[in-house]
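Shown next, in structure tokens, is the structure this report addresses.
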Amino acid sequence: MSANSPNQGVLVGKMGRPFGVRGFGRVMILSDNPDRFFDDLGETFLLSAPSRFSGKHRRLVLEATEIKGESLLVKWKGIDSPENLREISGWEILWEGPDEWIPEDPEAQKISDLIGMHVYDAVTGTEVGRVIGFYERSGQDLLAIGAKGREILCPFVEPLVPRIDRDRREVYVQWGVVGT
């Protein structure tokens, strides 16, 4: 896998709106390691535009991180105003460095690895969509499934996601429960 490809790396967050006038922006954390934003100051991250701007990406150096209330704020080197930050608002933040996540259970799935996999109804075997993202929540992680032009959220639990085939890049869900 090439480090130059915008589709590589570990999805760690999504840029939000600007905060203040010094170039800080809010981040929606999409990582099980939120400390990465504090531990990796001075490191380069890949920011990738949403699919509607396909192929557009930028590498930026993390300059500063702050917590304001419930919000994580980041400052990228060279992004010094709210206007500059608006250009990358909504972009995914990818970490291209080593990923030290090692599951204790060999059957464990890293939820970010499922993005792009085909989704099938576990009962009928019919393809119903693709995994387009995920939401890590304190109570329950959710898979975001793109199906018929909509985003369907599926709790990432074994009864609703009974099978994942990594080799074939397939996720099986109880579509009769989730897709209704």
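The values are calculated or read from the model by the stated rules, or taken from the named source; none is laboratory data. All figures in this text were calculated on a predicted structure; none of them were measured in a lab. With ideal geometry, Cβ positions are generated from the backbone for all residues, glycine too; neighbour counts draw on all protein chains shown.
Scan the range 125-152 for residues that are surrounded by 14 or more Cβ atoms within 10 Å (Cβ to Cβ) and not in a loop (DSSP other than H, G, I, E, B) and the total you get is 15.
As for the range 20-31, it holds at least one residue that is within 19 Å of Gly133 (Cβ to Cβ), at pLDDT 85 or above and surrounded by fewer than 18 Cβ atoms within 10 Å (Cβ to Cβ). One residue alone among Arg168, Arg137, Arg163 is under 15 Å from the mean Cα position of the chain (by Cα) and among the basic types (Lys, Arg), and that residue is Arg137.
Of everything in the range 140-162 that is more than 16 Å from Asp121 (Cβ to Cβ) and in contact with a Cys (Cβ under 9 Å, 6 or more places away or on another chain), the residue that is modelled with the highest pLDDT is Ala144. Condition check for Gln140 on (1) touching a residue at least 24 places away in the same chain (Cβ under 8 Å); (2) closer than 23 Å to Gly13 by Cα: one failure, at (1).
To keep it simple, each residue is scored yes or no on (1) at positive phi; (2) touching a Ser or Thr at 6+ places or on another chain (Cβ under 8 Å); (3) at pLDDT below 85.
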residue: Asn7; (1), (2), (3): no, yes, yes
residue: Val10; (1), (2), (3): no, yes, yes
residue: Gly42; (1), (2), (3): yes, no, yes
residue: Leu60; (1), (2), (3): no, yes, no
residue: Ala64; (1), (2), (3): no, no, no
